[in-house]
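Bear in mind that the values in this text are calculations on the coordinates, not laboratory data. Here the structure is a predicted model, which is why all the values come from computation and not from measurement. Glycine gets a Cβ as well: all are built from the backbone with ideal geometry, and neighbour counts include every protein chain shown.
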Amino acid sequence: MKMENQFDAIVIGSGISGGWAAKELCEQGLKTLVLERGRDVRHIKDYPTMTMNPWDFEHRGRMTKAFYQENPLITKAAGYGEDTAHFFIKDADHPYVQEKPFDWIRGYQVGGKSLIWGRACQRWSDYEFKAPKKYGYGIEWPIGYNDVAPWYSHVEKFIGVCGNEDGIEAMPDGEFLPPFEMNCVEEHMQSTLKEHFPGRHLVQGRWAHLSEPEQVHLDQGRGKCQCRNLCMRGCPFGGYFSSNSSTLPWAEKTGNLTIRPFSVVHSILYDEASGKASGVKVIDTNTKEEMVYNARIIFVNASALNSNLILLNSKSERFPNGLGNDHDLLGRYVSFHNYRAGSGGAIKGFEDHYYYGSRPSECIIANYRNLKERDTDFVGGYTIFTGAYRNRAEEVPEDVPQLGADFKHRLSKPGDWRIYMYMQGETIPKPSNRVYLSGDKTDDWGIPLLVTDVGYDENDEKMVADFLEESQKMLEQMGCTDLYSYDSKQAPGLDIHEMGGVRMGKDPKTSLLNEFNQMHQCKNVFVTDGACMTSTGNQSPSILYMALTARAANYAAEQFKNNVL
Amino acid sequence: MERREALKLTATVLGGSIIGSQLFLSSCAAPPKKRSELIVDTDVPLLDEIGETILPDTDISPGAKAAHIGNFIQTMVNDCYDQEEAALFINGLETIEEQSIEAYGHGFVDLSKEQRLELLTKFDQEARQHKLLEKPHFFGMMKELTIWGYFTSKPGATQALRYNPVPGRYEGCIPYNGEKAWA
């Protein structure tokens, strides 16, 4: 592949934040190269399973025993199966070293994990930005809610986020398309909380689905969500947002975009004379050929831990420990979301109600812990994802035949209504939770393997206990029977919300990025994926990455045009 | 990572709708299967008849045989079960044959519908006892594979259930008057 090697901007990674960097930079007129380590995935054309029926899958969605044995890590991922496996890596292809158990879930292709993301798009509240400093479990964010709010709006309007304006302090409203309806049990759950748990709000989550597309979505070639809930296969209707369906084709239309798949970034090259990065060293994953691409602006959007890896591996005389890392902060303060616990049960009294369609969204109980003041023995808050559903009957009563015609007819009917809840909890960033480069192990391209040394702490245990106790109380009040609860004790990482390592902050002595996600020590490098996070909050993070990326990209483009960068 | 995780966890916690035993989910390394530990094509007619006894053809919907349940079970046991589970399952097939001959003087496929139902009801009761003790039983596996395979097959999903691949919209709260479940 012969191509020129000078661009205005380089974006490393084509996932949810890389796609946004590409869109904004291209729209600002910058000739932009997007580097993607995986293969190309074109919207619709490369979604091989998108319209397959359950019976079209040889193993009806499951993987084979041999496959599970060869891929114990990636097969754990949420939504992994015969219908989506092609959008995830295989374990053997991409090793890393786990100092402590850490499930690092990756999707290496154009679009990255934006094809297989959870799609929840709640805004952070200002309380989340302020809490770490206020309660002493982190440094101060260099920005607050008001800095990001206009960029949330910018992103929401373009990607399409459906939701209700609920006026909840823990979960600010945004620019929403109409919400999906709640089902009748969820309405009951909502009113129970309202009546018996003041300050707790059960509402529809905010989701990146086109419930009612607007012109800007139609202009992207996307259409209305058809309520199939088969999103992670890739959507033929463009009903949910992904880089592939939205930002990348939009960037492409400007004529300013070049995407180079099969291009793993080895390192960012630092130029002593200018005190800036000059470009990136890339290895073609197929030919193993090395090449250098140069640009005046570099956006690092390789996914949180890979962005850490690239920066750690970007060694120069000036930065022997990795780009911008004068203080051994790079790779530290890695954090994640605590997804360990869930609860649920059955509920009677709604047998004459049902629903139509497969809703791709869930309800949320907005965080009610440590919001305005600290009210528990742990710090941080948690969001609860929740909902009610009614599957096909799985059992028949004890006193009727358990085989035969009547049995079949009973199993053909809807079963009990069931309610579930699971937590998404904030974790505390700390220096001991970190990633670093292996001293002796390298991958197929000669790049050092990443070592993960990330674990839970006592705060996480207390939060799990609180969620379990409170969720049981709420379920009981709702009238649930057959209550269950669990603490999966799953390893960090399986939340697929890993964050930090290259945190933002006001002070270059305690952080790597400034308020525009710009490296304090290397001004033309911007890190706007999960790696930039100063703390985790309790909301699903992707839309914040998108908002921060759009904000940083517009800032960078302005600096570019003013010849500052 | 949102909804699907919840459903997956829920399924696990609730005992799941997927193939029987907890053993099935274990990932201990197993040596390669020997030929004798696989379900072979000649087992398929027997599996079809077992499946048809569990979920028979009726006026309302086709039976498991119409869903080619024997082929489905063959694929799942051979590809997705580990050696121990497959052995338990295949021994179970032999047990069914042996007890069929012992009780009725014929192999299972030559029994009358009533005899088949009577024999499998006995195994089902055994399996239900095992389930309470959280022990895997071959008939629990057969039954769950049959149910899962049937309701995800074309005849099962489209005729025993209502299959709507493109609903187009979501209505949260509609009256329910005894209709079939959504596939």
Once the range A:60-154 is represented by equal point scatterers at the alpha-carbon sites, with solvent omitted, what log10 I(q)/I(0) does the Debye formula produce at q = 0.11 Å⁻¹? -0.55
Cβ-based charge dipole, the protein assembly as shown, positive-most Cα from B:109, A:422, B:96: A:422
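Taking the Cβ of residue A:479 as the centre, find all other residues whose Cβ is under 13 Å away and add up their charges (Lys, Arg: +1; Asp, Glu: -1).
-1
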Once the dipole of the range A:301-413 is set up from charges on Cβ (+1 Lys and Arg, -1 Asp and Glu), the residue from the list A:357, A:378, A:401 lying farthest towards its positive end is A:357
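Tell me, Kirkwood radius of the range A:52-101 from alpha-carbon pair distances, in Å?
Evaluated on the range A:52-101, it is 12.0 Å.
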Estimated dipole of the range A:279-325 in Debye, rounded to 20 [Cβ of Lys and Arg +1, of Asp and Glu -1, Cα centre]: 160 debye
The range B:129-183: trypsin sites (Lys or Arg not before Pro) in DSSP loop, at most 15 other beta carbons within 10 Å: B:169
Return, in residue-number order, each cysteine of chain A whose C-beta is not under 4.7 Å from any other cysteine's C-beta. A:26, A:121, A:162, A:225, A:227, A:231, A:235, A:363, A:480, A:522, A:532
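Pairs of Cα atoms under 8 Å, at least six residues apart: use those to get the relative contact order of the range A:28-129, whole percent.
Normalised by residue count, the contact order of the range A:28-129 is 31 percent.
Quick one: A:258, A:386, fewest Cβ neighbours within 10 Å first, how do they rank? Each step should come with its number before you reach the end.
Working: A:258 18, A:386 27.
Ordered by Cβ neighbours within 10 Å, fewest first: A:258, A:386.
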Please give the FRET efficiency for residue A:473 paired with residue A:346, using the beta carbon to beta carbon distance and R0 = 25 Å, rounded to the nearest 0.05. 0.90
State to the nearest 20 debye the size of the charge dipole of the range A:20-117 about its Cα centre, where the only charges are +1 on K and R beta carbons and -1 on D and E beta carbons. 80 debye
Shielding of A:355-365 by partner chains, average beta-carbon count, 10 Å: 5
Out of A:86, A:319, A:448 - ranked by how far each Cα lies towards the positive end of the dipole of the protein assembly as shown, with unit charges on the beta-carbon of charged residues - the top one is A:319
For chain A, return all DSSP H helices satisfying: extent of Cα atoms along own axis at least 24 Å; mean Kyte-Doolittle hydropathy at least -1.0. A:542-561
For the range A:410-523, what's the radius of gyration and Dmax over Cα atoms, in angstrom? 21.3, 67
In the range B:129-183, GluC sites (Glu not before Pro) in a DSSP loop with at most 11 other beta-carbon atoms within 10 Å: B:134
Using Cα pairs closer than 8 Å and at least 6 residues apart in sequence, work out the relative contact order for chain A, in percent. 22 percent
Cα-based equivalent ellipsoid of chain A: semi-axis lengths in Å, sorted from largest, via gyration tensor: 39, 26, 23
Please state the charge dipole magnitude for the range A:193-316, taken about the Cα centre, from unit charges on C-beta atoms (+1 on K and R, -1 on D and E), reported in debye and rounded to the nearest 20. 340 debye
Assuming R0 = 56 Å, what is the FRET efficiency of residue A:4 and residue B:115, from their Cβ-Cβ distance, to the nearest 0.05? 0.10
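Please give the contour-minus-distance gain from residue A:45 to residue A:287: 0.36 nm per residue of separation, less the Cα-Cα distance, rounded to one decimal in nm.
Gain on extension, residue A:45 to residue A:287, equals 84.6 nm.
Taking 0.36 nm per residue of separation and subtracting the Cα-Cα distance, what length does fully extending residue A:197 through residue A:173 add?
In short, 6.5 nm is gained.
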Using packing as a proxy for protection, rank A:36-46, A:394-404 so that the peptide with the highest average count of other Cβ atoms within 10 Å comes first. A:36-46, A:394-404
Normalised contact order of the range B:44-141, rounded percent, pairs of Cα under 8 Å and 6 or more residues apart: 24 percent
Taking neighbour counts of Cβ atoms within 10 Å as a proxy for exposure, in what order, fewest first, do A:217, A:520 appear? A:520, A:217
Between residue A:316 and residue A:56, what length comes free when the chain is fully extended (0.36 nm per residue of separation minus the Cα-Cα distance, one decimal in nm)? 88.3 nm
Output needed: percent of Cα pairs per 5 Å distance bin for the range A:213-310, bins running from 0 to the one holding the longest distance. 2, 11, 15, 16, 16, 14, 11, 9, 5, 2, 0, 0
Per residue of A:369-381, what is the mean number of Cβ atoms on other protein chains within 10 angstrom of that residue's Cβ? 0
Can you put A:147, A:173 in order of Cβ neighbours within 10 angstrom, beginning with the fewest? A:173, A:147
